[in-house]
Amino acid sequence: MKANDKLIKEMEAFDDAFPNGVFAIPRNPNDPRIKVRALWDYCKKKWIDIEFISEEELKQFLTKSNNYKNT
């Protein structure tokens, strides 16, 4: 039981280090963004797994737009 308490405290301390809940490295604003929902819908419509989409098909879902809000 003592080990579990210690683990829980360590997890809480780790979680507190990220107050907004984001555990990620900020993206480079110059990198293209992927329109994930559109890509997902395309794959569902075409009955293909995302891992098998060609680079040519993928290009239509890339954008250089930075029109998003950091939350």
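How much net charge surrounds P32 when only other residues with a Cβ under 12 Å from its Cβ are counted (Lys, Arg +1; Asp, Glu -1)?
Once all neighbours under 12 Å are counted, the net charge is +4.
How high is the relative contact order of the chain? Use alpha-carbon pairs under 8 Å, at least six apart in sequence, and give a whole percent.
34 percent
For the stretch 20-60, what is the accessible area per residue in Å², given a 1.4 Å probe and the full set of protein chains?
93 Å²
Please determine, in degrees from 0 to 90 and to the nearest 10, the orientation of helix 36-46 with respect to the longest principal axis defined by the Cα atoms of the chain, where the helix direction is its Cα long axis.
50 degrees
Looking only at chymotrypsin sites (Phe, Trp or Tyr not before Pro) in DSSP loops with at most 16 other Cβ atoms within 10 Å, what is the longest site-free stretch of the chain?
Counting at most 16 other Cβ atoms within 10 Å as exposed, the longest clean stretch of the chain is 24-46.
Straight-line reach from K46: which lysines have a Cα under 24 Å away, not including same-chain ones fewer than 8 places off?
Within the straight-line cut-off, K46 pairs with K35, K59.
Based on DSSP H runs of at least 4 residues, each adding -39500 (n - 2.57), what is the mean residue ellipticity at 222 nm of the chain after dividing by all its residues, to the nearest 500 deg cm²/dmol?
Rounded to the nearest 500, it is -13000 deg cm²/dmol.
Could you size up the charge dipole of the chain around its Cα centre, putting +1 on the beta carbon of Lys and Arg and -1 on that of Asp and Glu, and report it in debye to the nearest 20?
Result for the chain is approximately 320 debye, rounded to the nearest 20.
What's the carbon and sulfur percent of the chain's accessible surface, probe 1.4 angstrom, rounded to a whole number?
Carbon and sulfur together cover 57 percent of it.
The values are calculated or read from the model by the stated rules, or taken from the named source; none is laboratory data. In this text, all values refer to a predicted model and were calculated from it rather than measured experimentally. Please note: Cβ atoms are built from the backbone with ideal geometry, for glycine as well, and neighbour counts cover all protein chains shown. Just so you know, the surface numbers come from the protein's heavy atoms only, side chains and all, with ligands and any DNA or RNA stripped out. Shrake-Rupley method; radii C 1.70, N 1.55, O 1.52, S 1.80 Å.
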